[in-house]
Amino acid sequence: MTERLEHLMRCSLFESVPPEQFAQIAEVSFMRTLPRGTLVYAPHDLPDGVLLLASGRIEVHTLTRDGKRAILDFIEPGEVFGELAILGGATREEYAEAYEAAAAVSMPVDAFRELMAANSRVSLAFTELIAIRRRRLERRLKSILFHSTRERLIHALLELAEHYGQTISRGEDLGIRLSHQQLADLIGSTRESVTLILGELQAEKRLHVGRKRIVLTNREALAHGVNLPPSGLVHALDPANAG
């Protein structure tokens, strides 16, 4: 139980939870070890728990009618996922898969609901989590509907850089290893189109492409090409930054 308790206490969602409530939910939770490629849950699975990622990375995706994968989100350590189980849906609506070897704490739905009922700050933080993820999906949908493939790819690269980017001597390493197919799945395009556009951007000296590694060598020029500030997509679409 000690390991579960430690992971729960490090999660920002539960920062206002007193020790005795932590112990109660940790007692009924359990750890899941998830080798790379493990399907954590799939559509039509019963939503029996909410998960807290302890290590590794989770990819959340869905399938289009013609069987193509569409990536919805990446889950990082310390983040909760499968949260819609709390809202009482009959079954899951998307796939969650271990993008790399991972471990997660699985919390029963009833215990999580009791925690929310006993602590209004947890309830508020949970509501904010759902709102943030909904805005992220709406932003991506608008990008698919109203922007060219090149613009969508640049938007995605800037957003990924803001979440995972690491400054290095040549610029900003994207910080997350994605194949060209995964980038295509993220923006609703094809691998061939993504490869072509990345080649164009590299020729324009705006980024450098390696094996599953992308470095933004001229972030300002990249953002300017789609009329965004150098700070990137997230900053531009944050309501707090509206003029």
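The values are calculated or read from the model by the stated rules, or taken from the named source; none is laboratory data. All figures in this text were calculated on a predicted structure; none of them were measured in a lab. For neighbour counting, all protein chains shown are included, and Cβ atoms are generated from backbone atoms with ideal geometry for every residue, glycine included. Calculation scope for accessible area: heavy atoms of the full protein, side chains included, ligands and nucleic acids excluded. Shrake-Rupley method; radii C 1.70, N 1.55, O 1.52, S 1.80 Å.
What the table shows:
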quantity	calculated
Cα gyration tensor category, rounded, prolate or oblate, for the stretch 155-215 with a/c compared to 1.5	oblate
Accessible surface, 1.4 Å probe, highest first, among residues MET116, MET9	MET9, MET116
Net charge of neighbours whose Cβ lies under 13 Å from the Cβ of SER12, counting Lys and Arg as +1 and Asp and Glu as -1	-2
GluC sites (Glu not before Pro) lying in DSSP loop within the stretch 1-66, provided at most 14 other Cβ fall within 10 Å	GLU15
Prolate/oblate/rounded call for the stretch 133-172, Cα gyration tensor, a/c under 1.5 rounded	oblate
The stretch 149-211: relative contact order as a whole-number percent, Cα under 8 Å and 6+ apart	26 percent
Among PHE146, GLN24, ILE75 - extreme Cα towards positive end, dipole of the chain, charges at beta-carbon	PHE146
Cα centroid separation, the stretch 141-200 to the stretch 1-55 (Å)	31 Å
Sum of -39500 (n - 2.57) over DSSP H runs of 4+, divided by residues of the chain (222 nm, nearest 500)	-13000 deg cm²/dmol
Radius of gyration, Dmax [the stretch 59-201; alpha carbons; angstrom]	17.3, 54
Sites THR62 and SER169, calculated FRET efficiency, Cβ-Cβ separation with R0 45 Å, nearest 0.05	0.70
Neighbourhood net charge (10 Å Cβ-Cβ; Lys/Arg +1, Asp/Glu -1) for LEU39	-2
Taking the chain and dividing mean pair separation by its residue count, relative contact order in percent (alpha carbons under 8 Å, at least six apart)	17 percent
Cα→Cβ-extended label distance, 7 Å offset, between ARG213 and ALA23, nm	4.8 nm
Net charge over other residues, Cβ less than 11 angstrom from the Cβ of LEU137 (K, R count +1; D, E count -1)	+4
Ratio of the Cα radius of gyration of the chain to 2.2 N^0.38 Å, where N counts its residues	1.08
